[in-house]
Structure formats: C-alpha cells, structure tokens
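A short write-up of the structure that comes next.
The values are calculated or read from the model by the stated rules, or taken from the named source; none is laboratory data. As the structure is a prediction and not an experimental result, all values here were calculated from the model. Here Cβ is always computed from backbone atoms with ideal geometry, including for glycine, and neighbour counts include all displayed protein chains.
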Amino acid sequence: MTKKQLEESTEYLKSKGFDSPEIGIVLGTGLGKLVDAITDPIVAHYNNIPFFPLATVEFHSGKLIYGKIEGKKVVVMQGRFHLYEGYDFLDVTYPIRVMHQLGIHRLFISNAAGAINLDFKKGDMMLLEDHINLQGGSPLAFKNVSEFGDRFVDMSEPYDVEMRQKLINIAAREGISLQKGVYVSVVGPQLETKAEYRMLRMMGADAVGMSTIPEVIVANHLRLPIVAVSVLTDECDPDNLQPVNIQEIIEVAGKTEPKMVKLFSELIKEI
Ligand code: HPA
C-alpha cells in the first residue's frame, strides 16, 4: 500500500461525487438494510475503485454508497472483505483508509457474531467495549507503516466512550436490549469446536466473529473514533453445541436488522 494508491482511490470516488462524508459505516453479514435509509445515493462498485481489493465472485455485490442519512453525509460499505476469503490484513482494512482519506471523522461498524456469554441470546445485540485479536496478525505490521502514523498504536480504549454512551442511551430510550462485552476475532471460515468455545469463554470473550478487529486497529491508527455493534446470531454453548446452520445465522441477522438500523440512524442524528 502506498499513499499514491490511496490518493488515486480517493480521487476516483471524489470525481463520482463522494463529497466530504462525515461518517463511515461498515455493514456486516445480513445487515445491509441501512442502505435503504440513504437519500440521493451514489454507488461505487468495489471492482471499479482503483486499488481496491478485487471482490470475489461470491461477493461481487460489494459497493461503497455515498449519500445522506438523517441529513448527514455518510459513506456506507455494503459488504466487507474478510481474511477467510483469502485477503490479507492490508486488503481488509484498505477501505477504512480510503473512507478516512475522503474525510470521515467517525466510524460505525456492525457484524454478526456468536454468543460466548450464555447470558446473551440469539437475536440480542452487543456493544463492543473491548476486544481480543486472535487472527494471528496485524494490519499495522508492514514496512512503511510510519508513513501513515504511529507504529506502536495505543489500544487502551479502542472504542469511543462518548459514542458508546450515546448508543446505550438510545437503546434504553427505544426499548432495544443492548448487551455489552468483549469481542474476540478468529480467522474462520470454519466455526469453532466445543473446546475452542470453552477456551474463548475462559479468556474473557463474550462474542466471537471473523471480522471487525483489523478495521478497529486501523481506525485507532488513524485516530478515528469508532463504535461497533454485534448481532448475536447463534449461541455457542460447548455443553450443548448444535451443528452450525449458516442460513439460520443470516436469518437471525436479518430479523435483528431493524433494531440495528434504528440504533445507527438515531446515533447519526445525535452526533
Ligand atoms: N463463530 C465465529 N463467527 C461467527 C459465529 C461463531 O459462532 N457466529 C457468527 N459468526
């Protein structure tokens, strides 16, 4: 990754009308509906943006959408790149750097995750308060990282405290139940074994997923305040583990989606 590549990606988007967005939003699996709330949308397909990672056939629908939600200029990533698709850490975080270069000064992230904390139920949402990176690498481990910011990035408070509190208040006001906890990221794409779920629980994780943390690390590198919410799509009970059903995971994410849309659009209104 070079600064010149980032500039070319950004210039292409600016020429399409992506004019100084304030907020960047990453939509997770089964959570695409927020897109319907965008007025005057401008769409850029990932495959047409210079230096963007090439989208796989399966995820050909990946796009960046610019427009307004609640009167604020936003840029939304519909579909993200995952390590389990064969992308590397620089690929999966490249769009975050591009959105930052476009001018965003806040980032919202959503994802689908499994509930490790068994007090949490399928269909609940969880606000990320902290995380554990088990993906075996870092999006900051590259030679010219210091051209882009610090190498030894502070991670003492990776999720913005003020936006977290706003989301907690919004959830209470709207009667939406919002758990809080620690997210652990794995590479995937295979799900976890019973022994792995037990280990993750012992480590202090409340939810497990296959994304988000590289994006959060890069956002911290860029000093970009972020807030992240998981939709808990399955219960990872090692003593009663059911075979995974991806269709059901996507279905649960879809059913929970309206609550996620509500949380994010109210937060956009308030900031
Ligand atoms: N493990 C990892 N990722 C997931 C899970 C899970 O149980 N559920 C949804 N995404």
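For the residues Lys63, Lys73, the requirement of being surrounded by fewer than 21 Cβ atoms within 10 Å (Cβ to Cβ), closer than 24 Å to Leu222 by Cα and touching a strand residue (DSSP E or B) at 6+ places or on another chain (Cβ under 6 Å) singles out Lys63. Look at region 101-119: where a residue is within 16 Å of the ligand (Cβ to nearest atom) and a partner is in a loop (DSSP other than H, G, I, E, B) and β-branched (Val, Ile, Thr), sitting 6+ places away or on another chain with Cβ atoms under 8 Å, you get Ile109/Thr212; Asn111/Thr29; Asn111/Thr212; Ala112/Thr29. Among the residues of region 42-50, are any modelled with pLDDT of 95 or more, surrounded by 16 or more Cβ atoms within 10 Å (Cβ to Cβ) and out of contact with any strand residue (DSSP E or B) (no Cβ under 8 Å at 6 or more places or on another chain)? There is no residue in region 42-50 that is modelled with pLDDT of 95 or more, surrounded by 16 or more Cβ atoms within 10 Å (Cβ to Cβ) and out of contact with any strand residue (DSSP E or B) (no Cβ under 8 Å at 6 or more places or on another chain). Flag not set for Pro158, criterion: surrounded by 20 or more Cβ atoms within 10 Å (Cβ to Cβ), modelled with pLDDT of 95 or more, of a type outside the set (Val, Ile, Thr) and away from the ligand (no atom under 13 Å from the Cβ). Here Gln179, Gln242, Gln247 are screened, and the one residue that is assigned to a loop (DSSP other than H, G, I, E, B) and polar (S, T, N, Q) is Gln242.
The residue that is surrounded by the most Cβ atoms within 10 Å (Cβ to Cβ), among those in region 161-184 that are modelled with pLDDT of 95 or more and closer than 16 Å to Asn117 by Cβ, is Tyr183.
Among the residues making up region 228-262, those that are in contact with a helix residue (DSSP H, G or I) (Cβ under 6 Å, 6 or more places away or on another chain), within 24 Å of Ile96 (Cα to Cα) and aliphatic (A, V, I, L, M) are Val231, Val261. Scan region 194-224 for residues that are within 11 Å of the ligand (Cβ to nearest atom) and part of a loop (DSSP other than H, G, I, E, B) and jot them down. Of everything in region 194-224, those that are within 11 Å of the ligand (Cβ to nearest atom) and part of a loop (DSSP other than H, G, I, E, B) turn out to be Ala205, Met210, Ser211, Thr212.
One residue stands out in region 6-37 among those that are in a loop (DSSP other than H, G, I, E, B) and more than 18 Å from the chain's Cα centre (by Cα): the one that is surrounded by the most Cβ atoms within 10 Å (Cβ to Cβ), namely Phe18. Residues being modelled with pLDDT of 95 or more, within 16 Å of the ligand (Cβ to nearest atom), outside any loop (DSSP other than H, G, I, E, B) and surrounded by 21 or more Cβ atoms within 10 Å (Cβ to Cβ) are represented in region 128-139 by at least one member.
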